[in-house]
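Structure first, commentary second.
Read-outs throughout are calculated quantities, based only on the coordinates presented, and are distinct from any laboratory measurement. For clarity, every value in this text was computed on a predicted model and none was experimentally measured. Positions of Cβ are generated from backbone atoms using ideal geometry, with glycine treated the same way; all protein chains shown enter the neighbour counts.
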Amino acid sequence: MTREFKVSKFRCYTISFITFLAALSCGILLFLYAGNPKKNIDIIFCGVICLFSSYQCLKFLQFGNQKKSILSITPQGIIDNLCKYGFIHYSEIINIELITYKNNKMIEINVYDLSNILQRLSKFQQFYKKIDKPLFGNHIRIPTFIFQDDPKEIVNILRNALNEYQHQTK
């Protein structure tokens, strides 16, 4: 049983457009503040927001143009291409839930040992996830706002695949 979940191009392009507008507005503010040396903090703040918004805009454009699936279910585990965790074997997973965090629905995968999975990530991603570890523990959170399918359906399919694997190994 292999199931793939793809990205919703419309949602990606919508988010990309919104972040482009944020980058554009911060760029305009940077241009307006450039002549005023007393606004150094505002210039730095606008510059950081402009760079971050530009990065997010390009990232969502990349997601929208992606041909491969961003989440795949195989008989052995889950392949995550969205958050770049890669292959997560079912033996590493305790349970899977759908949670709401800051008004966003997310798939939460509770694993036994997150450090094994973090070793597969780049050094920057490892650093970022280690900062989050005290807040989230041994959980992997995958945002669901850009999936084509319903988040509840995705979580039910993930749970069924996990339960099927657990029954086969008993």
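Observations on the model:
- Extension gain, residue 141 to residue 94: 0.36 nm times the residue separation minus the Cα-Cα distance gives 15.5 nm.
- Projecting label points 7 angstrom from Cα along Cα→Cβ for residue 152 and residue 21 puts them 3.0 nm apart.
- Potential extension, residue 163-residue 102 segment - 0.36 nm per residue separation minus Cα distance: 19.1 nm
- Across the stretch 125-130, rounded Karplus estimates of 3J(HN,Hα) from the backbone phi angles (6.51 cos²θ - 1.76 cosθ + 1.60, θ = phi - 60°) give 5, 4, 4, 5, 6, 5 Hz, Gly and Pro being marked x.
- Cα long-axis angle, helix 9-33 against the chain (0 to 90 degrees, to the nearest 10): 30 degrees
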